[in-house]
Amino acid sequence: MNRNIYKTEEGRSIIESRYKRILAEFSLYPFEQFFTPTKLAQTHVLRFGDKSKPPVIMIHGSVSNSATWLGCVSEFIDDFCIYCIDIPGEPGLSEPARCVLNSEEPYEWLNSLLNNLEIKQADFVTMSLGSWYALNYAVNSPERIRALSMITSSGLVPSKNSFIFKVILYSMLGKFGKNKINRLIYHKTEVPLEVLEFQAIATKHFNPVFEKLPIFSDEQIKRITFPVQFFGGKCDSLLDSMKTGARFSKLLPHSDIHILKDTGHVIINQFPVVKAFLLSNRKY
């Protein structure tokens, strides 16, 4: 486990305080907030809705946390018990201990988390790095996933090296550079001001994942036996959505693939489609 997550302890405190404030100000729906022990790290969980309803696991992307999902709770709460998971080693409230991605640690973390939550099978809704974690779990324990909807996904094709070079360059250009980085990530997506403010704080105080994400083999992907949905932006600066969608279509011909025009890496307007997909594949 890699623990060099925050640049300083003061920076960690600033990030965690801002996240706690965001959660404290969310009043649309009540939720439970708790920590679950796992084999690798104490994991912070938000749970919304009736525990008797089918579980849906939501896993955010890199340099983020479960606040990612607050805007879509209303879409799922009538039909699911929602579990929003803070990935350890990301700027949330889980233990700041990052998994080595090219190891058994990511699988062991998620497997022990589901076991400790007493969830035998669940739907998954994921973003970017969270999609990689879900896929990594799926190719090893496909029977634990009922259906998987991915809003962008790593692990199918290599990340674009050009993005890293641009981020390094723009990070040296002050406010102008920060705006350019935001444009690279969000493209034309309008995101709330509090999201931009949190990202600015995280960029200042947090060390993101620079380990290359392992690419899954054809044989691994073909182990997936459940319904899969994928959303990708045609203008994604981080990942090649066209190639990702094409690989899913080739290896899992019945996948539900959506390549969105004039859209970047961040996609926040497709949750009604995600919900319809999950409900259409529910077995009663």
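The values are calculated or read from the model by the stated rules, or taken from the named source; none is laboratory data. Quick caveat, the model's predicted, so the values are computed rather than measured. Don't worry about glycine lacking a Cβ; one is built from the backbone with ideal geometry, like all the others, and counts go over all protein chains shown.
How many residues does the stretch 249-266 hold that are modelled with pLDDT of 90 or more, within 23 Å of Phe216 (Cα to Cα) and part of a loop (DSSP other than H, G, I, E, B)?
So the count comes out to 4.
With the structure loaded, tell me whether Phe216 is crowded, with 19+ Cβ neighbours inside 10 Å and under 18 Å from the mean Cα position of the chain (by Cα) or whether it fails that test.
Answer is yes for this residue.
Restricting to the stretch 241-264, and then to whatever is over 24 Å from Ser74 (Cβ atoms) and touching a residue at least 60 places away in the same chain (Cβ under 8 Å), can you tell me which residue is surrounded by the most Cβ atoms within 10 Å (Cβ to Cβ)?
Taking the stretch 241-264 first, the residues over 24 Å from Ser74 (Cβ atoms) are 241-255, 257, 259, 261-262, 264.
Adding the requirement that they be touching a residue at least 60 places away in the same chain (Cβ under 8 Å) leaves 241, 243-244, 247-248, 262, 264.
On the way: Ser241: 27, Lys243: 13, Thr244: 23, Arg247: 20, Phe248: 22, Asp262: 10, Gly264: 21.
For the stretch 241-264, the residue satisfying everything is Ser241.
Among the candidates Gln42, Gln121, single out the residue that is in contact with a helix residue (DSSP H, G or I) (Cβ under 7 Å, 6 or more places away or on another chain), surrounded by fewer than 19 Cβ atoms within 10 Å (Cβ to Cβ) and at pLDDT 95 or above.
Matching residue, one of Gln42, Gln121: Gln121.
Failed condition for Gly89, given (1) touching a residue at least 60 places away in the same chain (Cβ under 8 Å); (2) part of a helix (DSSP H, G or I), with all others met?
Among (1) touching a residue at least 60 places away in the same chain (Cβ under 8 Å); (2) part of a helix (DSSP H, G or I), the lone unmet condition for Gly89 is (2).
Could you give every pair whose Cβ atoms fall below 6 Å, whose first residue belongs to the stretch 209-235 and is under 12 Å from Asn136 (Cβ atoms) and in contact (Cβ under 8 Å) with a residue 24 or more places away in the chain, and whose second residue is among the small types (Gly, Ala, Ser) and not in a loop (DSSP other than H, G, I, E, B), counting only separations of at least 6 or pairs across chains?
If the second residue must be among the small types (Gly, Ala, Ser) and not in a loop (DSSP other than H, G, I, E, B), the pairs left are Ile224/Ala138.
Tell me the residue from Ala246, Ala200, Ala276 that is modelled with pLDDT under 95 and part of a helix (DSSP H, G or I), please.
None of the others qualify; the one that does is Ala200.
Based on what the data block shows, is Ser94 at pLDDT 95 or above, in a loop (DSSP other than H, G, I, E, B) and in contact with a strand residue (DSSP E or B) (Cβ under 6 Å, 6 or more places away or on another chain)?
Working: at pLDDT 95 or above: yes; in a loop (DSSP other than H, G, I, E, B): yes; in contact with a strand residue (DSSP E or B) (Cβ under 6 Å, 6 or more places away or on another chain): yes.
Taking the combined requirement at face value, the residue satisfies it.
Given Tyr19, Tyr107, which one is surrounded by 15 or more Cβ atoms within 10 Å (Cβ to Cβ), in contact with a helix residue (DSSP H, G or I) (Cβ under 9 Å, 6 or more places away or on another chain), of a type in the set (Phe, Trp, Tyr) and more than 24 Å from Leu278 (Cα to Cα)? Give the derivation first.
Details: Tyr107 fails: more than 24 Å from Leu278 (Cα to Cα).
Checking each option against the conditions leaves just Tyr19.
Quick grid of which residues meet (1) more than 20 Å from Tyr6 (Cα to Cα); (2) outside any strand (DSSP E or B); (3) of a type outside the set (Gly, Ala, Ser); (4) free of Cβ contacts under 8 Å to residues at least 40 places away in the same chain:
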{"residue": "Val45", "(1), (2), (3), (4)": "yes, no, yes, no"}
{"residue": "Ser52", "(1), (2), (3), (4)": "yes, yes, no, yes"}
{"residue": "Ser62", "(1), (2), (3), (4)": "no, yes, no, no"}
{"residue": "Ser74", "(1), (2), (3), (4)": "yes, yes, no, no"}
